[in-house]
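The values are calculated or read from the model by the stated rules, or taken from the named source; none is laboratory data. Values in this document were obtained by computation on a predicted structure and should not be read as measured data. With ideal geometry, Cβ positions are generated from the backbone for all residues, glycine too; neighbour counts draw on all protein chains shown.
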Amino acid sequence: MKVDELFGVKGQVAIVTGAASGLGLAMAEGMAQNGATVLMIDIDPKTLEAAAAPLRAAGCKVETASLDVADTAALRGAIDTMAARHGKLDTVFANAGMSSGPGYGLKAGKTAGLLENVSPDTWERVLQVNLTAVLETMRAAVAHMKPRRSGRIVVTASIAGIRAETICGYAYVATKAAVINIVRQAAVELAPHNVLVNAIAPGVFLTNIAGGKLKTDAAVREEFLGLIPMGRIADANEIQGLALFLASPASSYLTGQVIAIDGGITAA
Ligand SMILES: NC(=O)c1ccc[n+]([C@@H]2O[C@H](COP(=O)([O-])OP(=O)(O)OC[C@H]3O[C@@H](n4cnc5c(N)ncnc54)[C@H](O)[C@@H]3O)[C@@H](O)[C@H]2O)c1
């Protein structure tokens, strides 16, 4: 197979949650610029439309839905409508996620991340967005994939779900670990149906997560930099190769895996 076909996503119908910014935007751009029809879902309508406009202007097939992924009915409605409109659903990136504030190991975070300071409200909200909504995205997607015996589900986890990561908060590390095992469990269930389920575990990428602190707070940036053997924070677009690979024919025998993309952090 030629490279274009092997790694191609042309003609796919795809959905990306959290697509207005950061890694989700990079995934949506990568898919749309390579010929997929992409539904971009995000909670922030203004940023979402601003992100979609240049893609549309460039001739890409992108659609938008502004909703909170924690609103299961709205999420399911958007996924079902997209699949019905195009007659199929090839790839879903369950990517939307949020920080739960600094962990106790982040010097710049002071004591907010200590176990005794975990806020029950933050805990609940982060569980809804980072965990329940990922499950619901997968549940909605699979209904359209199983009958066709074809589909890819890619969950954005984190290296903070693989090992202790003390600069991230408790709810964040808990939800990222949890989605990794949902991915494994679903991968085994869905393997006979040819629906492949994998997780991307990013290290440190320059995005707007946690209010964009990596961009605006030099002390926070330095602490994260200290973790990275490659000595630099990744650009959001550096997620595109792995994301497209997991959506393409090139990964046709790959399921149930958690792929770290972290400049060497988890190897150190
Ligand atoms: N940036 C990193 O270093 C890093 C590392 C590991 C994992 N991740 C994960 O990557 C994913 C994307 O984060 P990012 O870093 O690109 O951050 P980001 O803040 O730049 O982008 C996240 C997008 O998701 C949207 N979103 C947040 N909550 C939502 C909700 N309830 N409903 C719908 N949309 C919602 C936001 O509006 C935003 O556009 C998250 O799951 C995050 O945990 C990021």
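With the range 1-95 as the region, which helices (runs of 4 or more DSSP H) entirely inside it contain at least 1 residues that are within 16 Å of the ligand (Cβ to nearest atom)? Show your work before the answer.
Details: elements: 3-6, 22-33, 45-57, 72-86.
In the range 1-95, 22-33, 45-57, 72-86 are the helices (runs of 4 or more DSSP H) which contain 1 or more residues that are within 16 Å of the ligand (Cβ to nearest atom).
Taken over the range 117-131, the criterion of being exposed (fewer than 15 other Cβ atoms within 10 Å of the Cβ) and within 20 Å of the chain's Cα centre (by Cα) is satisfied by Glu124 alone.
Condition check for Ala26 on (1) buried (at least 21 other Cβ atoms within 10 Å of the Cβ); (2) within 18 Å of Gly59 (Cβ to Cβ): one failure, at (2).
Which ones in the range 200-211 are touching a strand residue (DSSP E or B) at 6+ places or on another chain (Cβ under 9 Å) and either near the ligand (Cβ under 6 Å from one of its atoms) or at pLDDT below 95 (or both)? Outline the logic, then answer.
Let us first name the residues in the range 200-211 that are touching a strand residue (DSSP E or B) at 6+ places or on another chain (Cβ under 9 Å), namely 200-206, 210.
Those that are touching a strand residue (DSSP E or B) at 6+ places or on another chain (Cβ under 9 Å) and either near the ligand (Cβ under 6 Å from one of its atoms) or at pLDDT below 95 (or both): Pro202, Val204, Phe205, Ala210.
If you go through the range 121-157 and keep only what is among the aliphatic types (A, V, I, L, M), away from the ligand (no atom under 11 Å from the Cβ) and in a strand (DSSP E or B), you end up with Ile153, Val154. Checked against the criterion of being more than 8 Å from the ligand (Cβ to nearest atom) and under 23 Å from Thr266 (Cα atoms), the candidates Ala174, Ala236 yield just one match: Ala174.
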